[in-house]
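For reference, the structure is listed below as structure tokens.
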Amino acid sequence: MEKADVAARGAIILSFIVALEIVIMISPFALFFYAVFNPILLALDRFAATRWLTAFFLPHMVVSPDPALKAIRVLGSVAFIVGAVVFLACAVQVYAGKLLRTGPATRGLYAAIRHPQYLALGVTGLGLAILWPRFLTLVLLAIMLFLYYL
């Protein structure tokens with residue numbers, strides 16, 4: 001397997017891990033997660049040098065009365081939905097070509113962009129990072145984008 005294939009597959013897996021965080025955090029697993037990690041988070045919050053780790057990356061975006069932050073949330077929602085729809089549309093185009101043996105995808109977005117699925121996952125990840133502002137989400141988005149660059 002080529003290095004680019006490994007990087008692409010790794011980035012896709014990381015994207016699903018980021019999306020899975022939402023499912024995990026709205027499930028009963030969240031109780032276990034916070035029961036185990038809450039002492040760690042409290043310990044990090046005790047010291048000024050590590051406090052930023054628990055308060056980092058837009059913690060105020062959960063419910064904000066500020067119109068600018070509401071607009072950013074709407075843009076995050078749009079980015080997430082548009083990215084996911086474009087990714088799925090491109091996946092259908094690629095895999096239909098493979099299954100029907102019509103050759104590589106060269107129409108639609110593939111006529112203008114070499115890898116529109118990568119771009120779509122990046123846009124989806126950015127939207128998700130805005131909608132679910134957590135340090136883990138930001139780190140995994142950065143790793144995913146780095147792997148795309150490889």
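The values are calculated or read from the model by the stated rules, or taken from the named source; none is laboratory data. Here the structure is a predicted model, which is why all the values come from computation and not from measurement. Glycine gets a Cβ as well: all are built from the backbone with ideal geometry, and neighbour counts include every protein chain shown.
Checking each residue in the range 107-131 for being assigned to a loop (DSSP other than H, G, I, E, B) and either under 17 Å from ILE17 (Cα atoms) or touching a helix residue (DSSP H, G or I) at 6+ places or on another chain (Cβ under 9 Å) (or both) picks out ARG107, ILE113, HIS115.
Checking the condition among the aromatic types (Phe, Trp, Tyr), surrounded by 15 or more Cβ atoms within 10 Å (Cβ to Cβ) and either modelled with pLDDT under 75 or in a helix (DSSP H, G or I) (or both), which residue from PHE37, PHE80 passes?
PHE80
Pick from the range 94-150 the residues that are among the polar types (S, T, N, Q) and at pLDDT below 85: which of them is surrounded by the most Cβ atoms within 10 Å (Cβ to Cβ)? So, considering only residues that are among the polar types (S, T, N, Q) and at pLDDT below 85, the one surrounded by the most Cβ atoms within 10 Å (Cβ to Cβ) is THR137.
Taken over the range 96-106, residues that are part of a loop (DSSP other than H, G, I, E, B) and of a type in the set (Lys, Arg) amount to 1.
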